[in-house]
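Visitor: Sharing a structure, written as structure tokens. Questions coming.
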Amino acid sequence: MEDKKEKSLYEGFKLFLRAVRVSHTLERRLYPTIFLANAISALTPYVVIYLSALILNELSFYRRPEYLWKFVILTVGVSGGLSLISAILRHVRNKEYEVFQVNYRKLFVDKAFEMDYQDISDQETFDLRSKIQQAENWAGWGFECVMRVFLGLTRSVTGIIGALALTASLFFIKVPATNQKLQFLNNPIFMLLFFGFLIGLSLIAGKLAGYVYKCYANSAEEATLGNRIYSYFGFFNSAKRDVDIRMYEQGRIMNYYFLKENAFTINGPLAKLARGRGGVCASVAKACSAVLTGGVYLFTCLKAIAGAFGIGSITRYVGAATQFSLYMTDLIGSISNIKNNVPFLENCFMYLDMPNRMYKGSLTTEKRADRNYDVEFKDVSFKYPGTDAWALRHVSIKFKVGKRLAVVGENGSGKTTFIKLLCRLYDPQEGEILLNGIDIKKYDYKDYMDIFSVVFQDFELLSQPLADNIAGNKDYDAKRVMKVLEDVGFTERLATMPNGIETLLYSEYIKEGVNLSGGEEQKVAIARALYKDAPFLILDEPTAALDPIAEADIYSHLNTIVDDRTAVYISHRLSSCRFCDEILVFDKGAIVERGTHEGLLENVKGKYYELWNAQARHYITHFSA
Ligand code: ADP
């Protein structure tokens, strides 16, 4: 997934511009305000330096009170005014940035929602998303860095232009002929050398600063892994794990990672970098800036002593030249970061560019009050991505509208895969699945999914109020919520909940949140499926977590609950399927038998007979023990 080859600055710049364009669409006022706020704050010091120089010149040389007070008022007024404008613009910029942040998060969340299930459930996608997140959390790499670079470029380019405007005359004002000793300061070759010295030192300082950023960017993998380990061990929040930690003294493993095997320890790679190359380069960069300031002081003071200009101009030139050096470092640092940020932006775009291959259909499904939808598997075969084994092979079945269909088989025989294909979480490699005679790929995905309510084995409820969970929405029909909870036998439990259907589930947010048992969760999940009121109701191992009494209770209600819907049950307890109109028996991805319970039992050589007897034996041994 990762291309280790270092990218050129040009490629970095292209990516940078693309990220600026994307960020701009997320919040259109952000970049203009960054530009204005930073350009003005970069120019403000020069205005102050220029005006202070005028005041000093008046004080030390011209001594004209009528000008002096005008300059003082002008300096105070202009610097106050500019600072105020800067502060307002910074405030607006920060506000725009907040809006951008929200839209930026939403961009990734929306992407995850629209991505093919096959991609979002893939470990590589998960790793990629984690890498992006960790690089952002660690040192603001990725889009945040783009903003910092844009900010740095605006600030430094404006600053450099301002500095050049203020210092240009330093080179052109000549030492008067009266001072023979310092005439060399007028020599164009000397001036060229001195200018070269200024630029050279600024470039070295900038390059070194860029190198330090690069070292840190190269440590991203170790640092983000370190952060991951800290969050993994530092925010354990699972009652289940806490028991194990105490039981097996797993604190020892945590300590090992916290104190020894971690990027952030005192002898870790980041500390070594700070003590070694990184620290040295950062110090040399600072030293270059200091030498540069010293050089400018020397040159300017010599010219002033020689009578080229007054004391006030020294402040102006030194101030401007120091700013120049800072902005040069800033500029080169920002340019290096365009390159350093390349792998992080590539990850962002790799994620955002993931194509949506599956959910492209546009046909709308016919809304039928009689729930008469014909769904058919036609010789369907399927392998999970990245695997060679067929999880389903030559499966053909036409669902009978309004009937109850059971799907049984050993673990791994393909039952859940069959449902996943029906819900278009994956597309089959061979054969087709038809809705009313048309390939389901041709339908708009959301429209198609309206036909199904599914309770998967590994469903999860949200830490949100019970009613919101059931309706999948903050707006819900309370009467319907109560009805479905009653249908699944949840009424008694509901009576014990402090805020009825408004009770918050789980205590992730507040301690008053209510925790449910596995069986209760399953009832709520079934209630959620019923609330959706889709023509097809699919329950994958619907009663696995229920105790036998609750199971019997649900099954006794099931026929009424299901009403005129087409229902599909996947169940490991064959006895639960006896009431179904048809039973499909899966084995190694294929449908090996189909029929009613009684009919299937007549085939003593069949898979169903074998499974039935195995379960019967299990129950007999189990209960007679
Ligand atoms: P069942 O529901 O009958 O227990 P499944 O449909 O879950 O069986 O699995 C059918 C086969 O597909 C099994 O061999 C299983 O290991 C494999 N399988 C299931 N999910 C995945 C997956 N996400 N990736 C790869 N193989 C999978």
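Visitor: When you go through (1) of a type outside the set (D, E, K, R); (2) touching a strand residue (DSSP E or B) at 6+ places or on another chain (Cβ under 9 Å); (3) in the same structural domain as T417 (by TED's automatic domain parsing) one by one for L504, which number turns out not to apply?
Guide: (3)
Visitor: Suppose we filter S413, S396, S381 for residues that are in contact with a strand residue (DSSP E or B) (Cβ under 9 Å, 6 or more places away or on another chain) and more than 16 Å from the ligand (Cβ to nearest atom); which single one remains?
Guide: That would be S396, the only listed residue that is in contact with a strand residue (DSSP E or B) (Cβ under 9 Å, 6 or more places away or on another chain) and more than 16 Å from the ligand (Cβ to nearest atom).
Visitor: Continuing with the same structure: When residues of the stretch 85-137 are filtered for being of a type in the set (D, E), crowded, with 17+ Cβ neighbours inside 10 Å and in a helix (DSSP H, G or I), how many remain?
Guide: Total satisfying the criteria: 3.
Visitor: Name the pairs whose Cβ atoms lie under 9 Å apart, with the first residue in the stretch 392-411 and outside the structural domain of R578 (by TED's automatic domain parsing), the second within 15 Å of the ligand (Cβ to nearest atom) and modelled with pLDDT of 90 or more, and 6 or more positions between them or separate chains?
Guide: none
Visitor: Considering only residues that are hydrophobic (A, V, I, L, M, F, W, C), within 20 Å of E551 (Cα to Cα), surrounded by fewer than 22 Cβ atoms within 10 Å (Cβ to Cβ) and within 15 Å of the ligand (Cβ to nearest atom), which ones fall in the stretch 564-610? It would help to see each step written out before you state the result.
Guide: The first filter runs over the stretch 564-610 and keeps only residues hydrophobic (A, V, I, L, M, F, W, C), leaving 567-568, 570, 574, 577, 579-580, 583-586, 590-592, 600-601, 604.
Now restrict to residues that are within 20 Å of E551 (Cα to Cα): 567-568, 570, 574, 577, 579-580, 583.
From what is left, the residues that are surrounded by fewer than 22 Cβ atoms within 10 Å (Cβ to Cβ) are 574, 579-580.
The one that is hydrophobic (A, V, I, L, M, F, W, C), within 20 Å of E551 (Cα to Cα), surrounded by fewer than 22 Cβ atoms within 10 Å (Cβ to Cβ) and within 15 Å of the ligand (Cβ to nearest atom): L574.
Visitor: Please count how many residues of the stretch 1-53 are out of contact with any Gly (no Cβ under 8 Å at 6 or more places or on another chain) and within 30 Å of Y67 (Cβ to Cβ).
Guide: Adding up the residues that qualify gives 8.
Visitor: Right, next: Give me a count of the residues in the stretch 412-422 that are in contact (Cβ under 8 Å) with a residue 40 or more places away in the chain and assigned to a loop (DSSP other than H, G, I, E, B).
Guide: Residues that pass the stated criteria total 2.
Visitor: Considering only the stretch 416-459, state which residues are away from the ligand (no atom under 15 Å from the Cβ), surrounded by 17 or more Cβ atoms within 10 Å (Cβ to Cβ), β-branched (V, I, T) and more than 25 Å from D388 (Cβ to Cβ).
Guide: I440, I451
Visitor: F344: within 25 Å of S8 (Cβ to Cβ) and either crowded, with 23+ Cβ neighbours inside 10 Å or at pLDDT below 90 (or both), yes or no?
Guide: In short, yes.
Visitor: Name, by its number, the condition in (1) away from the ligand (no atom under 16 Å from the Cβ); (2) of a type outside the set (D, E, K, R); (3) open to solvent by 10 Å² or more (accessible area, probe 1.4 Å); (4) part of a helix (DSSP H, G or I) that does not hold for P355.
Guide: (4)
Visitor: Same structure again: Considering only the stretch 1-57, how many residues are open to solvent by less than 30 Å² (accessible area, probe 1.4 Å), under 18 Å from L82 (Cα atoms) and of a type in the set (S, T, N, Q)?
Guide: So the answer is 3.
The values are calculated or read from the model by the stated rules, or taken from the named source; none is laboratory data. Here the structure is a predicted model, which is why all the values come from computation and not from measurement. Here Cβ is always computed from backbone atoms with ideal geometry, including for glycine, and neighbour counts include all displayed protein chains. Areas reflect the complete protein model, heavy atoms only, side chains present, ligands, DNA and RNA absent. Shrake-Rupley method; radii C 1.70, N 1.55, O 1.52, S 1.80 Å.
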